[in-house]
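A short worksheet on the structure shown next.
No lab work stands behind these numbers, since they all come straight from the coordinates. In this text, all values refer to a predicted model and were calculated from it rather than measured experimentally. Note: ideal-geometry Cβ built from the backbone for every residue, glycine included; neighbour counts use all protein chains shown.
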Amino acid sequence: MMPSEYIEQLCLAMVAHQASDLFLHEDQLPQLRIASLMNTVGETPLTSSDIDSLWRACRVPDSAIDYDASHVSDSGVRFRVNFFRSVGRRGAVLRMIKTEPPSMSALGLPEELLVNWVSRKAGLVLITGATGSGKSTTLASMLHWLNDNLPRHIVTIEDPIEYLFESKLSLFTQREVGTDTTSFTEGLRRALRQSPDVILLGEIRDPDTAITALQACETGHLVLATLHGSNITDTIERVIRLFPAAERESSLYVLSTQLIGILSQKLIPNIQGSVSLAAEYVENEGVTRKWILEGKTHELNDYVTRGVNPKNTSFLASLVRLCKAGEISEETGASICGNPHEFYRAIQGISNTSSSTITLRRTTT
């Protein structure tokens, strides 16, 4: 069964306008998110029949309240879909799944650093940030580089699949939670029996998944994963809280030895009417291992903020560079920073942050 013609037209409009999200609510006009801004599209509110057609096309159970699924439009474009209810009425948010992953250079990522991380034989790489901050796109760019440069068996466990990869130098096995496996944890456990070199884990959500991911690293696998975390220290603290108290000490030891690096990112409205990517990142080596083992996240934060190592940079340094490059306004930088006084001091050069930090920019979501 296919969705209504109106839904299909909206999917085409989403592609044509390069919108990141399509919002559908019963009895309301649909909206598109374009360059972080909401835009009403069409002149006809969505009917219950329109929404019902999409629910049935995606095989959503009648009793479902919240449900994740995927949809392929008539034009062959894939979307991930979240179904929900609001004040008793049904709705859905669609996000387009791109089939051609962008390169790291096109995204403005620190390519040399990430190439080093993704070329490792084993260990854990975490890409963190809020929902919609481009984490999946960053991971896809890393896998894109691997596919072009190294012979690897790459197993992905996603909910849902974000990018479809065509195997080139690497071989891809892509699995979707709910369709190909029951959960992230189960998919990860099964992946270890599929002779993988690299495992992409769509998200670390619970203790079992976190511990199993570390065990995979210990047994010689490279694990790339996302996690909700606002910055590097928040990410470490969230991971620590996932470990059961009885296993925390041993799990912290494994984390401190197996973690390769963390990159946290934010998409920020820029002067050009699009978005720019600001990020902070740290490569785990030497003294940072000790701080992670001891849970001293404040020491780690101070180290990154000082910017004494070119493999590390802070959000403050990234925001300052974006502002000086004319990408974002000072007002935006100050508001995103959370500490306007600190930001304006850094803009004036009154800062311990190194000027050698790398600016990360993204012009599309």
Quiz item: If you take the charge dipole of region 162-313 about its Cα centre, with +1 on Lys and Arg Cβ and -1 on Asp and Glu Cβ, which of Thr209, Leu222, Pro310 is farthest toward its positive end?
Solution: Pro310
Self-check item: J(HN,Hα) series, region 117-132, from Karplus relation 6.51 cos²θ - 1.76 cosθ + 1.60, nearest Hz, glycine and proline x
Solution: 5, 6, 8, 5, 6, 8, x, 10, 10, 10, 10, 10, x, 6, 4, x
Exercise. Kindly express, to the nearest 10 degrees and within the range 0 to 90, the angle between helix 297-306's C-alpha long axis and the longest C-alpha principal axis of the chain.
Key: 80
Exercise. Subtract the Cα-Cα distance of Leu192 and Gln18 from 0.36 nm times their separation in residues, and report this length gain in nm to one decimal.
Key: 58.9 nm
Quiz prompt | Cut-off under 5 Å, modelled amide H: who pairs with Leu29 long-range | solution = Leu46
Self-check item: Nitroxide proxy distance, nm - points 7 Å out along Cα→Cβ at Glu342 and Ser183
Solution: 3.7
Practice problem: Would you please give the residues with an amide H less than 5 Å from that of Arg152, counting only those at least 5 places away or on a separate chain, with H modeled from the backbone geometry? | Solution: Ser170, Leu171
Quiz item: Given labels modelled 7 Å from the Cα in the Cβ direction, how far is it in nm from Thr219 to Leu37?
Solution: 5.1
Self-check item: Spin-label model distance (nm) - Thr257 vs Asp68, 7 Å beyond Cα toward Cβ
Solution: 3.2
Quiz item: Rg and Dmax of region 1-157, using alpha carbons, in Å: what are they?
Solution: 18.2, 54
Exercise. In debye, nearest 20, what is the charge dipole magnitude of the chain about its Cα centre with +1 on Lys and Arg Cβ and -1 on Asp and Glu Cβ, if you could check?
Key: 720
Exercise. Please work out the FRET efficiency for the pair Met2 and Ser167, using the Cβ-Cβ distance as r and a Förster radius of 22 Å; give the result to the nearest 0.05.
Key: 0.15
Quiz item: Using modelled amide H (1.01 Å from N, peptide plane; none on Pro or chain starts), what sits under 5 Å from the amide H of Leu259, excluding residues fewer than 5 places away?
Solution: Leu124
Quiz prompt | Peptides ranked, highest mean first, by Cβ atoms within 10 Å: ranges 148-161, 237-250, 109-122 | solution = 148-161, 109-122, 237-250
Quiz item: What dipole magnitude, in Debye to the nearest 20, does region 5-97 give about its Cα centre under +1 on Lys/Arg Cβ and -1 on Asp/Glu Cβ?
Solution: 320
Self-check item: Separation of alpha-carbon centers, region 36-81 and region 181-225, rounded to whole Å
Solution: 30
Quiz item: Val287 to Asn116: extension gain in nm, 0.36 nm per residue of separation minus the Cα-Cα distance?
Solution: 59.6 nm
Quiz item: What number comes out for the charge environment of Asp52, summing +1 per Lys or Arg and -1 per Asp or Glu over other residues with Cβ under 15 Å away?
Solution: -1
Quiz item: Per the Kirkwood treatment, what hydrodynamic radius in Å, one decimal, follows for the chain from the mean inverse distance over all distinct Cα pairs?
Solution: 21.7
Practice problem: For Lys311, go through the lysines and keep the ones whose alpha-carbon is under 24 Å away, minus same-chain ones fewer than eight residues off. | Solution: Lys121, Lys135, Lys266, Lys290, Lys296, Lys324
Self-check item: Listed residue (Pro244, Val177, Thr137) projecting farthest to the positive dipole end of the chain, Cβ model
Solution: Pro244
Practice problem: Output the direction-averaged projected area (hull surface divided by four) of the convex hull of the alpha-carbon atoms of region 5-97, in nm². | Solution: 5.5
Exercise. Order these peptides, 298-306, 85-93, by their mean beta-carbon neighbour count within 10 angstrom, highest first.
Key: 298-306, 85-93
